[in-house]
Amino acid sequence: MESVSDTHEVTGSGREQAGDTAGTAAATGPATKHAGGRRPGETRTREAILSAARVCFAERGFDATSLRRIAETAGVDQSLVHHFYGTKESLFLQALELPGKLEEALTAAARGGPDGIGERLVRAHLSVWDDVSSRPALMTMVRSAAIHRAAAARLRETATGILAHALSGAITGEDAKLRTSMVATQLIGLAMMRYVAHLEPLASADTDTVARHYGRALQAIVAD
């Protein structure tokens, strides 16, 4: 028959083993746990919804786009759109985030010195718009700016922030801000008529032709 002390020793040993097992489990974590706290499937679903939202907003604008349509485009249940983004407004604000390559392209174009900068800026701008991964966010911003304050604010931010930073060394003088905003107007107007309004023959003209002719207008503003 076991004594009380023997029972205590056995029980204590069992607790130590259980503690070791729990410690090992805590150290290793669940086998299905994903680094960063979010499962890969959730990340892919969230990205698919945002990508679908950009496509829908770019094609139809904010007012004509429903969360149901976004869910159908993403191939998910509408409840998941609410789960990840909440409201349409919140999702729209996420869709307005512009690709970093826009600033990179314009900054690189402005580095080459004053000669030919107008044509380089046009080429850089069109290269980002022609990129299928970048165009939906840009079109969402431009198409919705006239009717949505957040889109208009993002458009102004692009003109006074991204472009101003890219051209900070190229446009100088007391009227530098004015001329920078005029360059922004030229580039945004070009994108609007070429990619959103599809004005022909501008919409189907090749990049070299557009850059050669349109670059002269920007060159005159920058080099003034």
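Numerical summary
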| item | result |
| --- | --- |
| FRET efficiency for ASP77 and SER168, using Cβ-Cβ distance with R0 set to 41 Å, rounded to 0.05 | 0.30 |
| Neighbour net charge for ARG68 - beta-carbon separation under 11 angstrom, K R +1, D E -1 | 0 |
| Cα gyration tensor shape for the range 101-222, rounded if a/c is under 1.5, else prolate or oblate | oblate |
| Label-to-label distance, nm, for residues given as ALA48 and ASP175 (7 Å Cα→Cβ offset) | 5.4 |
| Additional length obtainable on full extension of the chain from ALA197 to ALA150, 0.36 nm per residue less Cα span | 14.8 nm |
| Principal axis dimensions, largest first and in whole angstrom, of the range 40-95 by Cα | 30, 17, 16 |
| For the range 50-62, Karplus couplings with θ = phi - 60° (6.51, -1.76, 1.60), whole Hz, Gly/Pro x | 5, 5, 5, 4, 4, 5, 5, 5, 5, 7, 10, x, 5 |
| Sparse-neighbourhood loop sites, GluC sites (Glu not before Pro) in the range 84-149 - DSSP loop, at most 16 other Cβ within 10 angstrom | GLU97 |
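A short reminder: the numbers here are calculations on the coordinates, not readings from a lab. As the structure is a computational prediction, the values presented were derived from the model and not from experiment. All Cβ positions, even for glycine, are placed from backbone atoms using ideal geometry, and neighbour counts span all protein chains on display.
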